[in-house]
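Down below is the structure, laid out as structure tokens.
The values are calculated or read from the model by the stated rules, or taken from the named source; none is laboratory data. Here the structure is a predicted model, which means the values were calculated and not measured. Neighbour counts are summed over all protein chains in view; Cβ atoms, including those assigned to glycine, are modelled from backbone coordinates with ideal geometry. Accessible surface is based on the protein model in full, side chains and every heavy atom, while ligands, DNA and RNA are left aside. Shrake-Rupley method; radii C 1.70, N 1.55, O 1.52, S 1.80 Å.
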Amino acid sequence: MWLIIGIFFVMLIIGVPVAFGVGISSVLYLLMSGKDLIIVTQRIFAGGDSFTLMAIPLFIFAGEIMNACGVTKRIVGFANELVGFIPGGLAHVNILASMLFAGVSGSTSADVASIGGMLIGSMDEAGFDRNYATAVTAASATIGSIIPPSILMVLYSSITGISVGKLFMAGVVPGLLVGVSQMIYAFIKAKRNPALYDGNFKVSFNLKRMLKAFVNALPALVMPLIIIGGILSGVFTATEAGAIAGAYGLLIGVLVYKEFTFKGALQTILSAARTSGMTMLIVSGATAFGYCLAIEKFPEQVSQLITSVSSNPNILMLLMILAMSVIGMFMDTTSAAIIMVPIFYPIAEACGINGIHFGMVMVLTFILGGITPPVGVTLYIATAVAKIKFVDLLKEMWPFILLFVIVMFSVAYVPGICLAIPNMLG
């Protein structure tokens, strides 16, 4: 098994797509152990055959619809009127827009692509350093997978059976902390070097204009309330919430904003299908790989290795965070979650760590991997959108990465940060 894991990481390093890497590794393991290859087919099918996981393509579709029908520009417009006058101007708009868009997309990639496509150019034109503008976009996009709904939390729920509604609510405060910490940093940067980090023009605060922007954005801002409210009240499941979100997005696009054309609908369906297909292929392939790990009792081996170091829950939490951080640096968040949750969740459960708390820590740790080299999927998307060099982006990313790490460890060692709202719900 260790040989197969080594082969898998070699394939990651040389650029083999994760879905194919886990599939090939699974086939090699079964061939070497003399087992029937039909197991791979069965596991791949079983990996995608989940009612809970159906929420993922539905939320992706809902996010694509909301983006296509003009929601993004209305959210950006509202954010601009709300915080655009503060020193740091469009940097604050970028961060707040990501926080608001997080309630629509549930995906970091969707956030960086939509918000970045609109604001990086605007920040550049306003006099901001382009590398900094891209770093703000990539860093704030992480909030897309923290503030509910979150595709990563749906995955965690499907594996562990923990309430997806409570997981969603656990992400509210950490998501706000990430956003607020980034806005404080943007404010300090703007004060220290206005020429590069404050822009050469800002909107003035106007209550009437802000209220008008709020009304324009209101139909989009209501969507997360419908999703979370419906799930928590038991009116519908997370999967049904995804379908309702998609239907709501269609209604907004056709009847309210009236920007959703037939051509736009076709492009939205194709884009959502591509993203969903890629995500579900990774999930299915990772399920087959996870099955091979289970056959060899790899999770138990890792558990014994970690628990042999210490039985202290705080130390175990640190060791698991370090291990997940390393994994997250080489794998995309979806693959990392599918493979690592079955390994680390039983360890957390055995040492008395709350399942919702640990789920939040895992989500934050894997998101961190998305903004750290060498893989850093979020960073690569941001550089593609901004058309800048990866190395230039990294120079501006390190302070944001440090802020994220501080929030992550705060959540890990102060459980009340993420558990306060779920505990109030009972």
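Within region 245-352, the GluC sites (Glu not before Pro) that combine a DSSP coil assignment with at most 16 other C-beta atoms in a 10 angstrom radius are E259, E296. Multiplying the residue separation of I7 and N314 by 0.36 nm and removing their Cα-Cα distance gives an extension gain of 107.3 nm. Here region 298-426 is treated as a Stokes sphere of Kirkwood radius computed over C-alpha pairs; at 20 °C and 1.002 mPa s its diffusion coefficient rounds to 137 µm²/s. A simple count of charges around I252, restricted to other residues whose Cβ falls under 15 Å of its Cβ and scoring Lys, Arg +1 and Asp, Glu -1, yields +1. Of all the Cα-Cα pairs you can form in region 237-290, what percent are over 13 Å apart? Cα-Cα pairs in region 237-290 separated by more than 13 Å: 70 percent. Between A135, S157, I184, the Cα set farthest toward the positive side of the dipole of region 132-225 (charges on each charged residue's Cβ, about the Cα centre) is that of I184. Each of L53, G359, V414 was scored by the projection of its Cα onto the charge dipole of the chain, and the greatest displacement toward the positive side belongs to V414; charges sit on the C-beta of Lys, Arg, Asp and Glu. Computed on protein heavy atoms with a 1.4 Å probe, the accessible areas place L90, L119 in the order L90, L119, largest first.
When T237, T108 are compared by accessible area of protein heavy atoms, the largest-first order is T237, T108, using a 1.4 Å probe. Within a straight-line Cα-Cα reach of under 26 Å, K35 can be paired with the following lysines, leaving aside sequence neighbours fewer than 8 residues apart in one chain: K297. Between 0 and 90 degrees, the angle of helix 172-192 with respect to the longest Cα principal axis of the chain falls at about 50 degrees.
Relative to the 2.2 N^0.38 Å rule of thumb, the chain has a C-alpha radius of gyration ratio of 0.97. Of the residues L255, A323, M278, the one whose Cα sits farthest towards the positive end of the charge dipole of region 237-323 is L255 (charges of +1 on Lys and Arg Cβ, -1 on Asp and Glu Cβ, taken about the Cα centre).
Direction-averaged projected area, Cα convex hull, region 139-240: 8.6 nm², rounded to one decimal. The charge dipole of the chain, taken about its Cα centre with unit charges on the Cβ atoms of Lys, Arg (+1), Asp and Glu (-1) only, comes to about 860 debye.
In straight-distance terms, cross-link reach from K387 covers every one of the lysines whose alpha-carbon lies under 30 Å from its own, apart from those fewer than eight places away in the same chain; here that gives K73, K189, K191, K202, K263, K395. Compared with the dominant Cα axis of the chain, that is its longest principal axis, helix 333-350 is turned about 60°. Students often get this wrong: which residues of region 378-418 have the backbone nitrogen under 15 Å from the point 7 angstrom along Cα-to-C-beta of S325? From region 378-418, the list is 398-413. Only Lys, Arg, Asp and Glu carry charge here, each on its Cβ (+1 for the first two, -1 for the last two); on that basis region 294-426 has a dipole of about 260 debye about its Cα centre. Solvent exposure of M331, expressed as accessible area, is near 10 Å², computed with a probe of 1.4 Å over the protein chains only. Helix 238-251 against the longest principal axis of the chain: what's the angle in degrees, Cα atoms only, rounded to the nearest 10? With rounding to tens, the tilt is 30 degrees. For region 1-105, the convex hull drawn through the C-alpha positions has a volume of 153 cubic angstrom per residue.
With R₀ fixed at 30 Å, the C-beta to C-beta distance from V215 to A420 puts the FRET efficiency at about 0.45. Taken over region 1-51, the ratio of Cα radius of gyration to 2.2 N^0.38 Å equals 1.20. For the pair S33 and K263, the difference between a 0.36 nm per residue extended length and the Cα-Cα distance amounts to 77.7 nm. With the biggest extent put first, the Cα atoms of region 71-203 measure 51, 25, 24 Å across the principal axes.
Sorted largest first by accessible area at a 1.4 angstrom probe radius, with every protein chain in place, the residues Y380, Y156 fall in the order Y380, Y156.
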